[in-house]
1. Which members of the range 100-125 meet the condition of being surrounded by 12 or more Cβ atoms within 10 Å (Cβ to Cβ) and in contact with a Lys or Arg (Cβ under 8 Å, 6 or more places away or on another chain)?
2. Name the residues in the range 145-165 that are hydroxyl-bearing (Ser, Thr, Tyr) and either touching a residue at least 40 places away in the same chain (Cβ under 8 Å) or out of contact with any Ser or Thr (no Cβ under 6 Å at 6 or more places or on another chain) (or both), would you?
3. Give me the residue from the range 146-196 that is among the hydrophobic types (A, V, I, L, M, F, W, C) and in contact with a Gly (Cβ under 6 Å, 6 or more places away or on another chain) and, out of that set, farthest from residue 102 (Cα to Cα).
4. Is it true that residue 196 is under 17 Å from residue 52 (Cα atoms) and in contact with a Pro (Cβ under 6 Å, 6 or more places away or on another chain)?
5. Of everything in the range 127-176 that's surrounded by fewer than 16 Cβ atoms within 10 Å (Cβ to Cβ) and among the hydroxyl-bearing types (Ser, Thr, Tyr), which residue is nearest to residue 89 (Cα to Cα)?
6. Return yes when residue 86 is assigned to a strand (DSSP E or B) and of a type in the set (Val, Ile, Thr) and no when it is not.
7. As an exercise: evaluate residue 141 against (1) closer than 23 Å to residue 57 by Cβ; (2) basic (Lys, Arg); (3) under 13 Å from the mean Cα position of the chain (by Cα) and give the number of the one condition it does not meet.
8. Just give me the residues in the range 50-80 being surrounded by fewer than 16 Cβ atoms within 10 Å (Cβ to Cβ), in contact (Cβ under 8 Å) with a residue 12 or more places away in the chain and part of a loop (DSSP other than H, G, I, E, B), in sequence order.
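The values are calculated or read from the model by the stated rules, or taken from the named source; none is laboratory data. Remember, it's a predicted structure, so these values are computed and weren't measured experimentally. Every residue, glycine among them, receives a Cβ derived from its backbone with ideal geometry; neighbour counts consider all protein chains shown.
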Amino acid sequence: MKLQLGIFITLVLILVSCGDEDYVPKPKAYLRLDFPEATYTTQHIEKLPFTVELNNLVAPVKVKDLNSSTESYGVNLNYNALKATIFLTYKAIEGSEKNLKDFLRDAQKLTLEHTKKADEIPRYPYENAEKKVYGLLSEVKGDAASPAQFYVTDSVRHFLTGSLYFRVKPNYDSILPAANYLQKDIKRIMETIEWK
């Protein structure tokens, strides 16, 4: 008797709860990230033979000597609010075409190391003959450690490479908005660099 009463109450509750309302699934939600509007100022970074426009989000810049026998420097552009860093490496070509070929090979090799985790790597060449700036931006799509890498050179004296890294585990979907924001800064670096 108790079992029949329990079944009866369950059926009544099911019939009462099923009204005329149609069920509408909730739309997919995406994380909304608001980044501050980028404002840029021209910077001459100590020891480096070029000026460049940097986003005001970049923490104060420090230069490290990478090799005391050659003109080679490392610079970290830290974006603390985004937990990201653009690592820059400047090398003097020293008048040898062989050095330029070695630098180009090394820059492209670093990008190719990410092919294991990358879904694709579109490349965007850049050229400004008037300012003698030639380069390549590689966007690494997928769960790779670095979502963007680039280099610029004047083909005679200067060579600058850069890589974007986040201080979090690589998850392409999660870091994509921040990566897109910082790729605009990378493009700005490539477009505004002026050799001395």
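1. 103, 118, 121
2. Going residue by residue through the range 145-165, those that are hydroxyl-bearing (Ser, Thr, Tyr) are 146, 151, 153, 155, 161, 163, 165.
Listed by number, the residues that qualify are 151, 153, 155, 161, 163, 165.
3. Here is the first cut: in the range 146-196, the residues among the hydrophobic types (A, V, I, L, M, F, W, C) are 148, 150, 152, 156, 159-160, 164, 166, 168, 175-176, 178-179, 182, 186, 189-190, 193, 195.
This time we only want the ones that are in contact with a Gly (Cβ under 6 Å, 6 or more places away or on another chain), so: 150, 152, 190.
Values: 150: 15, 152: 14, 190: 21 Å.
Ranking the candidates gives 190 first.
4. On the way: under 17 Å from residue 52 (Cα atoms): yes; in contact with a Pro (Cβ under 6 Å, 6 or more places away or on another chain): yes.
Judged against the criteria, residue 196 is a match.
5. Top of the filtered list is 155.
6. Values: assigned to a strand (DSSP E or B): yes; of a type in the set (Val, Ile, Thr): yes.
Yes.
7. Of (1) closer than 23 Å to residue 57 by Cβ; (2) basic (Lys, Arg); (3) under 13 Å from the mean Cα position of the chain (by Cα), only one is false for residue 141: (1).
8. Once the filter is applied, which keeps residues that are surrounded by fewer than 16 Cβ atoms within 10 Å (Cβ to Cβ), in contact (Cβ under 8 Å) with a residue 12 or more places away in the chain and part of a loop (DSSP other than H, G, I, E, B), the range 50-80 yields 56, 59, 61, 62, 70.
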